[in-house]
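Asks: Once you've had a glance at the structure underneath, I'll fire off some questions.
The values are calculated or read from the model by the stated rules, or taken from the named source; none is laboratory data. Remember, predicted model here, so these are calculated numbers, not experimental data. Don't worry about glycine lacking a Cβ; one is built from the backbone with ideal geometry, like all the others, and counts go over all protein chains shown. Side chains are part of the model used for accessible areas, which takes the heavy atoms of the whole protein and leaves out ligands, DNA and RNA. Shrake-Rupley method; radii C 1.70, N 1.55, O 1.52, S 1.80 Å.
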Amino acid sequence: MVWKLKEEEARAKFEERVEELVSVDTPDMWSCFKEGVLKACEEVCGKKKGRRDQGDTWLWNEEVKEVIGKKKEAYKIWCKDRSEGNKARYKSMKNRAKKVVAKAMSKEAEEELSKISENPNTVFRMVKTMRKEGRDVQ
């Protein structure tokens, strides 16, 4: 959120805060400068949480890893040699990977539902964990 420093008021506040925090007389001037600038930037501009992981691999097992690896390999071969045979092989691997992933997801969902049916109070703990991990709560 450093773009806030484009605003005149925020820039002035940042410069003022840096002057307060950074001391030139310290023996370790670089670390003092670094810490001062970072702290001033965080105070003036704020802090962002950051990106969540895009790939959700909580359901991956050995079979899924193997099929995805084969699909990636088929894609690389197809990219090098754009023949119809390689394209057909890649498409078949892609469809197989979709099926295996869907099967693994449904198996994982069934296991989680069985855990909930055994002890209904665990649903709240599960939702809390899913929120922390960034998974969809359905």
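Asks: Of the residues that sit in segment 4-37 and are within 31 Å of the chain's Cα centre (by Cα) and exposed (fewer than 12 other Cβ atoms within 10 Å of the Cβ), which one is modelled with the lowest pLDDT?
Replies: So the residue we want is Lys6.
Asks: Quick check on segment 87-134: of everything there that is open to solvent by 50 Å² or more (accessible area, probe 1.4 Å) and not in a helix (DSSP H, G or I), which residue is modelled with the highest pLDDT?
Replies: Checking each candidate, the answer is Asn119.
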